[in-house]
Amino acid sequence: MKKPIVFSLVREQSVFMTAIMSLLTFLSVMALGIALAIGTGVMRWNAQWDLFATVQVMNSDNEGAVRKILGTQSDKIALSREITADEMADLLRPWLSGGGALQNYLPKMWEVKFNTKSDLESVGKQIAPHARFLTHAQALRTSTAAGWKMILIAAIVLGCALGTIGVCVSYIARNTAMLHRRELEILNQIGATDAFVARQMQIITAKICAVAGAAGFAAAAVVLMLVLSAAKSARVGLMAMMGLSGAGWMALIMMPVAIIVFAIYITRRTTLNILKNN
């Protein structure tokens, strides 16, 4: 028995689909990679400062009470360091001037690291009536919020890329079916089922997406490694905390696979809808 006629994409369609899928895979992997890297940075950033707080005594009359609390609660404190007036002056020198008179207006400050979060909260409640108790997590909330916003932007880009993939695959499948209407009629006449025709389109799509996925992932992996290398060279701030774990890289590897599965599903659904309508 002769095998049914199997149609394929024309060369221009194949080249276009491979190029567009490579680009979209690149964007998807990049968006997911950046989101994971920034998310890792935010978690590391928060974990690094969760147990730290700064005590600022604005009224000198309360200094004794604060010293007493820090002394009596020493079992809950892992590290306590008083920031000297000279250190304060060095920190504020780019913004303020005034020489020795400046020291009269500087608050007395301590940098404190606690053993646990409950210790931080307990001592903080005792100090709050006498001084300003500011956790590092609170002070760095702006940086953390900026990190979450960047993750949201990356997620939106990823969603747009996946949506574009669905549209492109659907268009290619529909256009191919229209171009090969005669072949479809022949296949129907010799008894080929709609599922068989859809499977032929799925095979074509899978091959193109596999090549495109490999190319897009390879390019994205190189760019991501360059981004992470540049972030680590910053040595300070949220960027220096960015990174990708083994699980993160595994998720990135699975992204092209997920795109291939998604493209195959869209191809099948589009092809079957066309065949039913015709």
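Listed from fewest to most Cβ neighbours within 10 Å, the set ILE203, ILE274 follows the order ILE203, ILE274. Per-residue Karplus couplings for segment 263-269, computed as 6.51 cos²θ - 1.76 cosθ + 1.60 with θ equal to phi - 60°, are listed in order as 5, 5, 5, 4, 4, 4, 5 Hz, Gly and Pro entered as x. A simple spin-label model places pseudo-atoms 7 Å from Cα toward Cβ; at ASN115 and ARG174 they are separated by 6.7 nm.
As a proxy for reagent exposure, ranking SER122, SER14 by other Cβ atoms within 10 Å from fewest up yields SER122, SER14. Full extension of the chain segment joining ILE153 with ALA218 gains 21.1 nm, where the gain is 0.36 nm per residue of separation less the Cα-Cα distance.
Strictly over 19 Å apart at the Cα level, which of LYS68/LYS113; LYS76/LYS108; LYS68/LYS117; LYS76/LYS125; LYS207/LYS276 would you flag in this model? Beyond 19 Å: LYS76/LYS108; LYS68/LYS117; LYS207/LYS276. For LYS108, the amide hydrogen comes within under 5 Å of the amide hydrogens of VAL57, counting only partners 5 or more places away or on other chains and with H modelled in the peptide plane. Maximal additional length on extending the ASN277-VAL167 stretch stands at 37.7 nm, based on 0.36 nm per residue less the C-alpha distance.
All of the numbers you see were taken from the coordinates with simple rules; none came from a lab. Predicted model only: the values in this text are computed from it and were never measured. Cβ: placed from backbone, ideal geometry, glycine included. Neighbour counts: every protein chain shown.
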